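Shown next, in structure tokens, is the structure this report addresses.
The values are calculated or read from the model by the stated rules, or taken from the named source; none is laboratory data. As the structure is a computational prediction, the values presented were derived from the model and not from experiment. These area figures cover heavy atoms from the full protein model, side chains too; ligands, DNA and RNA do not enter into them. Shrake-Rupley method; radii C 1.70, N 1.55, O 1.52, S 1.80 Å.
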Amino acid sequence: GYMKPPPDAALAAKAASKARKANARASKRGDKAGVAGDGSSGLRSFVSPGGYQVLVGRNNKQNDVLSHAVAQPEDLWFHIRGRPGSHVALRVGSKPGSPNTRPGIGDEDVQYAADLAAFFSKGRQDLKCDVIVAKAGGLKKPKGAKPGQVLVTKELGNVVARPENVASLVGKAQPDDK
């Protein structure tokens, strides 16, 4: 008689096809954003003095994903005013154990995120820079805009940031002094 494949081979084949399907799904999702899963991979991640996660985009594509896909509407969004720079999101709900009602984000958390936004921008060498603060929910993507371009519909305010405050945290990201 003809040899039947052992039952575990059938199981393995089934598992493989399941994994293939899952991968196909994941890559479909990922292609849209150009990054894996929820898009937060590859973003620079920091923790503010109050324990909140602060995410920083490394390029236009990541800025796009960060501002439109990863950041929640309540998250605070930061960008240097009037110059090219990274998008920065302070994740309001990211503090371990904090109720999501109104966790107490302090001035030092806002300052920290603003300093990062200034540091990861063309204002890195400046002593002080103006940084826009807005809720991520108030960001719009203009039609036909290039990746990383956003329209801030409602600003919460302006923070005077000092890039050097965070320079020590980001030692390896410092440009070489020529």
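Over all Cα pairs of the stretch 54-155, how is the pair count split among 10 Å bins, expressed in % and running from 0 up to the last occupied bin?
It works out to 17, 51, 27, 5, 0, in whole percents.
Near the amide H of LYS95, under 5 Å away, which other amide H atoms are found, from residues 5 or more places off or on another chain, if H is placed in the peptide plane?
GLN53
So, taking all protein chains as they sit and a 1.4 Å probe, how much accessible area belongs to ARG124, in Å² rounded to tens?
50
So which of LYS95/LYS122; LYS95/LYS143; LYS128/LYS154; LYS95/LYS135; LYS95/LYS141; LYS61/LYS128 end up more than 25 Å apart by C-alpha? Could you put the intermediate results ahead of the total?
Details: LYS95/LYS122 30 Å; LYS95/LYS143 34 Å; LYS128/LYS154 23 Å; LYS95/LYS135 17 Å; LYS95/LYS141 28 Å; LYS61/LYS128 27 Å.
Violating the 25 Å Cα-Cα cut-off are LYS95/LYS122; LYS95/LYS143; LYS95/LYS141; LYS61/LYS128.
HN-Hα J couplings of the stretch 49-59 from phi, Karplus 6.51/-1.76/1.60, θ = phi - 60°, integer Hz, Gly and Pro as x?
Ordered by residue, 3J(HN,Hα) equals x, x, x, 8, 7, 10, 10, 10, x, 9, 7 Hz.
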